[in-house]
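*Asks:* So that we are looking at the same thing, I have put the structure below in structure tokens.
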Amino acid sequence: MNAVLKNLSGEHRLLIDPKCKHLIRDLEQVRWKADPYGNSLAELDKSDPMRTHVSDALGYLIAREFPMRQPRGEQAGPMLC
């Protein structure tokens with residue numbers, strides 16, 4: 001999701017309308033869980049029931065609209081005779 005919001009080249013492929021208050025709040029407030037020493041863990045902190053739902057939905061949309069891999073199956077290509 002981060003690469004769609006802003007990639008390493010500084011390109012923005014997704015802009016969020018300022019009217020999307022819940023989504024903006026989610027993106028600003030959702031954090032990784034931390035161990036007792038303050039080190040980030042590889043799991044989101046879902047302790048606030050009002051957080052993560054909207055940003056999860058955005059993640060699913062991004063995965064579908066901006067796939068990291070090309071879809072499998074038949075693909076158009078050059079014709080060989």
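*Asks:* If amide hydrogens are placed 1.01 Å from N in the peptide plane, which non-local residues have theirs closer than 5 Å to the one on Lys33?
*Replies:* Leu41, Glu43, Leu44, Asp45
*Asks:* Over the chain, with every protein chain in place, what whole percent of the accessible area is carbon and sulfur at 1.4 Å, could you tell me?
*Replies:* 56 percent
*Asks:* Dipole of the chain, Cα-centred, from +1 at each Lys and Arg C-beta and -1 at each Asp and Glu C-beta, to the nearest 20 debye? All intermediate terms of the calculation are to be shown ahead of the outcome.
*Replies:* On the way: 12 positive and 11 negative charges, 22 e Å.
Roughly 100 debye for the chain.
*Asks:* Hey, what did the chain get for relative contact order, percent, Cα under 8 Å, at least 6 apart? Kindly include the intermediate steps, with their values, before the conclusion.
*Replies:* Numbers: 50 pairs, mean separation 18.3, N = 81.
Relative CO of the chain lands at 23 percent.
*Asks:* How far apart, in nm, are two points set 7 Å out from the Cα along the Cα-to-Cβ line at Met1 and at Leu41?
*Replies:* Spacing of the two 7 Å Cα→Cβ label points: 1.9 nm.
*Asks:* Further, regarding this structure: Considering the dipole of the chain built from charges on the beta carbon (Lys and Arg +1, Asp and Glu -1) around the Cα centre, which of Leu44, Pro18, Trp32 is farthest to its positive end?
*Replies:* After comparing all options, I get Pro18.
*Asks:* Work out how much length Glu28 to Ala63 would gain on full extension: take 0.36 nm times their residue separation and subtract the Cα-Cα distance, in nm to one decimal.
*Replies:* On the way: separation 35, 0.36 × 35 = 12.60 nm, distance 2.02 nm.
Between Glu28 and Ala63, full extension yields an extra 10.6 nm.
*Asks:* With axes computed from alpha carbons, what is the tilt in degrees of helix 53-65 against the longest principal axis of the chain, rounded to the nearest 10 within 0 to 90?
*Replies:* The helix 53-65 is inclined about 10 degrees to the chain.
*Asks:* While we're on this one: Specify, per residue and in Å³, the volume enclosed by the convex hull of the alpha carbon atoms belonging to the chain. Please report the intermediate quantities before stating the final value.
*Replies:* Numbers: hull volume 13.3 nm³, N = 81.
Convex hull of Cα atoms, per residue: 164 Å³.
The values are calculated or read from the model by the stated rules, or taken from the named source; none is laboratory data. What you see is a predicted model; the values in this text were computed from it and never measured. Don't worry about glycine lacking a Cβ; one is built from the backbone with ideal geometry, like all the others, and counts go over all protein chains shown. Only protein heavy atoms, including side chains, enter the accessible area calculation; ligands, DNA and RNA are left aside. Shrake-Rupley method; radii C 1.70, N 1.55, O 1.52, S 1.80 Å.
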